[in-house]
Amino acid sequence: QVQLVESGGGLVQPGGSLRLSCAASGSSFSIEAMRWHRQAPGKERELVADITKGGNTNYADSVEGRFTISRDNAKNTVYLQMNSLKPEDTAVYYCNADARQWGPTTIPISVWGQGTLVAVSS
């Protein structure tokens, strides 16, 4: 009953910028923490950034100072602003959320989006 849909990926030149969006939809749910992960070819999935419901953020060392995670709780949406992109940022980016499904009991769930490709190349 809860879905995450990412958007905003694409091809960008080194040094360019992209803004990813991830919108949660469904019924009878609430969102707690939200995160962005990425997986590059031949590498394991890694955590890029996370944000609590209250807006506290953390970043991987590799993106610190270049990426900014934010959220709009009213829209159930999390964003990832990516600046000064490098070829090594090329990956499929996945949105993840800790959610609660309401009724008849409250159930904590982890929800994943399908991913959006970011390709940084000349």
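Tabulated data
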{"quantity": "Pairs where the first residue, in the range 7-32, is under 19 Å from residue 87 (Cβ atoms) and the second is of a type in the set (Ser, Thr, Tyr) and not in a strand (DSSP E or B), C-beta under 7 Å, 6+ apart", "calculated": "11/121; 13/122; 14/122; 15/84"}
{"quantity": "Strands (runs of 3 or more DSSP E) contained in the range 35-122 and holding at least 1 residues aliphatic (A, V, I, L, M) and in contact with a helix residue (DSSP H, G or I) (Cβ under 6 Å, 6 or more places away or on another chain)", "calculated": "116-120"}
{"quantity": "Identity of the residue in the range 35-59, open to solvent by 60 Å² or more (accessible area, probe 1.4 Å) and of a type in the set (S, T, N, Q), that ends up farthest from residue 99 (Cα to Cα)", "calculated": "39"}
{"quantity": "Test: residue in the range 1-22 that is open to solvent by 70 Å² or more (accessible area, probe 1.4 Å) and at pLDDT below 95", "calculated": "yes"}
{"quantity": "Residue match in the range 26-34 (condition: open to solvent by 30 Å² or more (accessible area, probe 1.4 Å), within 13 Å of the chain's Cα centre (by Cα), within 23 Å of residue 57 (Cα to Cα) and at pLDDT 95 or above)", "calculated": "no"}
{"quantity": "Considering residues of the range 71-122 that are within 16 Å of residue 46 (Cβ to Cβ) and among the acidic types (Asp, Glu) only, the residue least open to solvent (accessible area, probe 1.4 Å)", "calculated": "89"}
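The values are calculated or read from the model by the stated rules, or taken from the named source; none is laboratory data. Please read all numbers here as calculations on a predicted model, not as lab measurements. FYI the Cβ positions are ideal-geometry reconstructions off the backbone, even for glycines, and counts take in every protein chain you see. Remember, those area values only see protein heavy atoms, side chains included, never the ligands or the DNA or RNA. Shrake-Rupley method; radii C 1.70, N 1.55, O 1.52, S 1.80 Å.
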